[in-house]
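Engineer: Here it is: the structure, laid out below.
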Amino acid sequence: MSLLAMGFLLGILQPCTGQFPRACANTENLLRKECCPPWDGDGSPCGQLSRRGSCQSILLSQAPLGPQFPFSGVDDREDWPSVFYNRTCQCRGNFMGFNCGECKFGFSGADCTERRVRTRRNIFRLSTSEKDKFLAYLNLAKSTPSRDYVIATGTYAQMSNGSNPMFRNINVYDLFVWMHYYASRDTLLGGSNVWRDIDFAHEAPGFLPWHRAFLLLWEREIQKITGDENFTIPYWDWRDAAFCEVCTNEYMGGRHPTNPNLLSPASFFSSWQVICTRSEEYNSQQALCNATSEGPILRNPGNNDKSRTPRLPSSAEVEFCLSLSQYESGTMDKMANYSFRNTLEGFADPSTAISNISQSGLHNALHIYMNGSMSQVQGSANDPIFVLHHAFVDSIFERWLRRHRPLREIYPAANAPIGHNRENYMVPFIPLYRNGEFFVPSRELGYDYQYLEEPEFGSFQDFLIPYLEQARQIWAWLVGAAVIGGIITALLTGIALACRKKRRETSAEIQPLLTDSEDYNNMSYQSHL
């Protein structure tokens, strides 16, 4: 059970909310493999007396996995969270949380019945006071201990299967850094052996849903520690940018005057310490990141390897990516071709959608361009630019969902890399969320993006494209139907004229011409296309 806590901790470094509820990080709960804390509102587990939820056994997906991970029973994150807990709170209706004490995303109120949609805004459209408040919230999160969660500092085996809990406190910001690390860390195989081809938050279908959940949970924690229920993450629209526009002391920290790899002392981000950046050290020690400070944020934007990432992504590359109709394809990993997910993540060429892992496009390009803490996957969330970047990546995902309107069943149900099937629970989140739950439009989850709300041609184009695509696929049938319709119309018209002529010949009264009548003005040719 102790290992469960560790697994949860590692998951926090990856862009997802994977941590252990403080109420369950103890010997009793680990040995019972149960995490069903009481809700403060009525004192019952999962708020059962108030019909908010109940403690139930976890139902794990039995769908087959892809071949990328050839082991079983060696990683605490397999069949998450069953190594640590096999009973958790299952919440009813619009209730959510590890004890069913919160509302689902998009709902509020005492009974979670009030629908709410908040708007994420461009950071450059915030007023000075709004921007300063956002920066202050980041600093507050970095200095405020998490009230509800702790991280694991050892594996389940190192915790003696739950009898020797290994957890520690962590601040709110670093909790999410740790989760992102934990989701993307290597598998420890014993001795000095590790398996690197594993990632529960990247390089597979879950990349976009996982980070969507991660940002929502991060947003929720900021709302709780500040009391600001209207807080939303701003985004940085980096399309066609010639340089890092947010890398100034007014925003996310400028360049140090004498050391280009550090942040300017004029930015309070220069005093931040990073965690979970020494993956090779953890691997050699067969240990987990324990959130010990490891030095300042590193960032040297633009001085990266130009042969891999020559510049920041362009609008044309984003538009090409959005034109791809397949969410996932082939092996469903970083070798996938013509995959929207793989192209947006950056492992496929943004002009051809053919996999090319020697280059870094779109999402990956931004990480490489920053040339520092953000450029290493496991520790990338240490740099606060991470949330601005991933909010914009999520907005591109949202545009694709609105343009192509996929059913949830489009998300792969089987044969994806470990942890990425539709019904797999995301590592390391507790409460539990399945990948498929976040493969839905953002407004269903209670948020939207400022530039997607504005009436632009692009939005109208996004609306029309699915229908134009359908018309293209059936155009031959439509033309044939039009020809047949024209022939039938001509025959019926000929019959009608013949009948009218005969009637005119037999009528004693001459009929007026229909040139100025109301009937004539109301006649029109209509297409059924």
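Engineer: Packing-wise, with mean Cβ within 10 Å as the measure, how do 231-244, 112-125 rank, highest first?
Structural biologist: Packing order, densest peptide first, comes out as 231-244, 112-125.
Engineer: Apply the Karplus parameterisation 6.51 cos²θ - 1.76 cosθ + 1.60, with θ equal to phi minus 60°, to every residue of the range 28-38 and state each ³J(HN,Hα) to the nearest whole Hz, in sequence, with x for glycine and proline.
Structural biologist: Listing the rounded values in order: 4, 5, 5, 5, 7, 6, 9, 10, 9, x, x Hz.
Engineer: Could you tell me which residue out of Leu215, Gly227, Asn259 lies farthest along the dipole of the range 214-261 toward its positive end? Charges go on the beta carbon: Lys and Arg +1, Asp and Glu -1, centred on the Cα centre.
Structural biologist: It is Asn259.
Engineer: In debye, nearest 20, what is the charge dipole magnitude of the range 119-449 about its Cα centre with +1 on Lys and Arg Cβ and -1 on Asp and Glu Cβ, if you could check?
Structural biologist: Here the size comes out at about 240 debye.
Engineer: OK, next. Along the range 90-96, what does the Karplus equation 6.51 cos²θ - 1.76 cosθ + 1.60 (θ = phi - 60°) give for ³J(HN,Hα), rounded to whole Hz, x for Gly and Pro?
Structural biologist: 10, 8, 9, x, 9, 8, 8
Engineer: Also: Ignoring ligands, DNA and RNA, what percent of the accessible area of the range 157-229 is carbon or sulfur (1.4 Å)?
Structural biologist: The nonpolar share, carbon plus sulfur, comes to 41 percent.
Engineer: Something else: Kirkwood hydrodynamic radius of the range 119-449 from all distinct Cα pairs, in Å?
Structural biologist: It works out to 20.4 Å.
Engineer: Now for a separate question. How much space per residue, in cubic angstrom, does the convex hull of the C-alpha atoms of the range 155-202 take up?
Structural biologist: 95 Å³
Engineer: What does the accessible area per residue of the range 304-427 come to in Å², with a 1.4 Å probe and no ligands, DNA or RNA counted?
Structural biologist: 32 Å²
Engineer: Order 96-106, 31-41, 54-64, 137-147 from most to least packed using the mean count of other Cβ atoms within 10 Å.
Structural biologist: Ranked from most to least packed, the peptides come out as 96-106, 31-41, 137-147, 54-64.
Engineer: Another question, if that's okay. Please give the Cα centre distance for the range 364-386 versus the range 80-100, rounded to the nearest Å.
Structural biologist: With the range 364-386 and the range 80-100 each reduced to a Cα centre, they are spaced 32 Å.
Engineer: Which distance in Å, rounded to a whole number, links the C-alpha centroids of the range 202-279 and the range 56-75?
Structural biologist: Using only Cα atoms, the two centres lie 32 Å from each other.
Engineer: So, one more: Students often get this wrong, so check it: of Lys306/Lys334; Lys33/Lys224; Lys224/Lys334; Lys33/Lys142, which have C-alpha atoms separated by over 26 Å?
Structural biologist: Violating the 26 Å limit, Cα to Cα: Lys33/Lys224; Lys224/Lys334; Lys33/Lys142.
The values are calculated or read from the model by the stated rules, or taken from the named source; none is laboratory data. Predicted, not measured: the structure shown is a model, and the values here were computed from it. As a convention, Cβ positions derive from the backbone with ideal geometry for all residues, glycine included, and neighbour counts pool all protein chains shown. With ligands, DNA and RNA removed, areas are computed over all heavy atoms of the protein, side chains included. Shrake-Rupley method; radii C 1.70, N 1.55, O 1.52, S 1.80 Å.
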